[in-house]
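Student: Handing you this structure, nothing more for now.
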Amino acid sequence: MEQIDSFELPKWIERHKSATSLMLAGSAAPSLSIKDLIQISGDNQKTSWNLSLDSVKLALGPANGSEALRIQIAGLYSDVITADQLLATNGTTGANSLVMQSLLRSGDHVIAMYPSYTQLLSVPRAIPGVELSFWELDTDNQMHANVRFLESLIKPNTRMIVLNNPNNPLGTILSLGAQREIAALAHSHGLVLMVDEIFRPLFHDAGVDCPPSFVELSEDYQNIVVTGSLSKAWGLPGARVGWIATRNPTFLAQCAEMGLYSFMALSTLDEAVATEALSDRCRSRILKKHLELARTNIGLLGDFVDQNQQVCSWTRPIAGATAFIRFYNCGAFVDDVDFCLKLLERHGVLTAPGSLCFGLRDAQDFRGFVRFHLTVQQEVMQSALKELSDFVTYYCYKKQRSAG
């Protein structure tokens, strides 16, 4: 690979977390312990037995993940996906890297949704000879996804479309109609459609139907690859278990071969935890808990935005664990990096500046945007918003009055 872009989001969090008392820069649900899994289970005794790891043999497991784990992952999809159509990986980051490094070659052209998780943009353009175009969502029109614009970006050498759905940092989703249009577009041009779905099934807007995974859309088109993991919706980022799901056996074999070179096999301890967390005993209960957190916090954050419409705006999230809010000063976008640094220094609240952590083309991309974490504990959100309200009075309203 060529020189890769600096991955600013994790660096930003690591650099500032020691000075943070209220963390809103992340995106994972509160991490669960083994004890938490046992307590949340519908069969405490069975879960306790399955997670008694003292008897687990620390041997090298199957390269594609244990069958028991893959059966549980397949349960997250409809019957069109089986355990044999899954490859267990080292997190979604591992899954995304495997897909791109396995399926892209010099001379290929990739179209990627923008904004999205930075890895999905940086990895393809670091592969020698790969060209990247940005499918920009409309920041002035509720982050509208224009499928006709996407189609206009296709070239004779286009190989792959890369999506992030639900979107990080926006918390938006593509409608079922848009999903079908994009899948049909990929099919008609013979393209690989890769979708990072790490935030499925965290759909917290009760008024929006939970759309299917992209991999469930069409049995006629096999060149769709989706990725996911336990890190976000399931609160287990420390169990480094992710996956690739596709009905294309050639794609899966290519990714599996690359996996042998990069991580060989998953930890048997991580597999045991993941298999139990995704069991019928635990899965629905974990999701219910984290959906309740998201719904409560989106309401609190929504109240803040409504009360401060003079200085901020957003596209209200309907899925995932993040919100992207844009702040203004006298009608101009704030310097989001300065905004976040001063919010941290004065109030101990850490958020993620949009231009630094998600902008890759230009320093002005996503200027004024700040990403907030939705699946934190309610008391953290309440305290952080109190501090934020005091801060915008100083940072935005005070400057507006001075300008007036």
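The values are calculated or read from the model by the stated rules, or taken from the named source; none is laboratory data. Here the structure is a predicted model, which means the values were calculated and not measured. Don't worry about glycine lacking a Cβ; one is built from the backbone with ideal geometry, like all the others, and counts go over all protein chains shown.
Student: Looking at this structure, is Ile73 surrounded by 20 or more Cβ atoms within 10 Å (Cβ to Cβ), β-branched (Val, Ile, Thr) and within 25 Å of the chain's Cα centre (by Cα)?
Tutor: Considered against the rule, which asks whether it is surrounded by 20 or more Cβ atoms within 10 Å (Cβ to Cβ), β-branched (Val, Ile, Thr) and within 25 Å of the chain's Cα centre (by Cα), Ile73 comes out as yes.
Student: Kindly list, by first and then second residue, each pair from a residue in segment 253-277 that is within 27 Å of Gly42 (Cα to Cα) and surrounded by fewer than 17 Cβ atoms within 10 Å (Cβ to Cβ) to a residue that is among the aliphatic types (A, V, I, L, M) and at pLDDT 95 or above, limited to pairs with Cβ atoms under 8 Å and residues at least 6 apart or on different chains.
Tutor: From segment 253-277, no pairs qualify.
Student: Could you check how many residues of segment 191-219 are among the aliphatic types (A, V, I, L, M) and part of a loop (DSSP other than H, G, I, E, B)?
Tutor: Result for segment 191-219: 6.
Yes or no, residue by residue, for (1) assigned to a helix (DSSP H, G or I); (2) out of contact with any helix residue (DSSP H, G or I) (no Cβ under 8 Å at 6 or more places or on another chain); (3) crowded, with 18+ Cβ neighbours inside 10 Å; (4) not assigned by TED's automatic domain parsing to the domain that holds Leu24:
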| position | (1), (2), (3), (4) |
| --- | --- |
| Leu356 | yes, no, yes, no |
| Arg361 | no, yes, no, no |
| Gln364 | no, no, no, no |
| Arg367 | no, no, yes, no |
| Glu379 | yes, yes, no, no |
| Leu385 | yes, no, yes, no |
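Student: If Ser55 satisfies all but one of (1) exposed (fewer than 15 other Cβ atoms within 10 Å of the Cβ); (2) closer than 17 Å to Leu236 by Cα; (3) not aromatic (Phe, Trp, Tyr), what's the number of the condition it fails?
Tutor: Among (1) exposed (fewer than 15 other Cβ atoms within 10 Å of the Cβ); (2) closer than 17 Å to Leu236 by Cα; (3) not aromatic (Phe, Trp, Tyr), the lone unmet condition for Ser55 is (2).
Student: When you look at Ala186, is it at pLDDT below 95 and either surrounded by 17 or more Cβ atoms within 10 Å (Cβ to Cβ) or in a strand (DSSP E or B) (or both), yes or no?
Tutor: The answer is no for Ala186.
Student: Still on this model: If you take the residues in segment 209-268 that are within 21 Å of the chain's Cα centre (by Cα) and among the aromatic types (Phe, Trp, Tyr), which one is farthest from Ile81 (Cα to Cα)?
Tutor: Trp234
Student: Please enumerate the residues belonging to segment 285-307 that are in contact with a strand residue (DSSP E or B) (Cβ under 9 Å, 6 or more places away or on another chain) and touching a residue at least 24 places away in the same chain (Cβ under 8 Å).
Tutor: Within segment 285-307, Leu291, Ala294, Asn297, Ile298, Leu301, Phe304 meet the criteria.
Student: Could you grab me the full set of residues in segment 208-220 that are in contact (Cβ under 8 Å) with a residue 60 or more places away in the chain and out of contact with any Asp or Glu (no Cβ under 7 Å at 6 or more places or on another chain)?
Tutor: Across segment 208-220, the qualifying residues are Val208, Pro212, Val215, Glu216, Glu219.
Student: With respect to Thr47, is the statement that it is surrounded by 13 or more Cβ atoms within 10 Å (Cβ to Cβ) and in the same structural domain as Lys288 (by TED's automatic domain parsing) true?
Tutor: Criteria not met by Thr47.
Student: Tell me which residues, restricted to segment 167-183, are buried (at least 21 other Cβ atoms within 10 Å of the Cβ) and either without any contact (Cβ under 8 Å) to a residue 12 or more places away in the chain or hydrophobic (A, V, I, L, M, F, W, C) (or both).
Tutor: Within segment 167-183, Leu170, Ile173, Leu174, Ile182, Ala183 meet the criteria.
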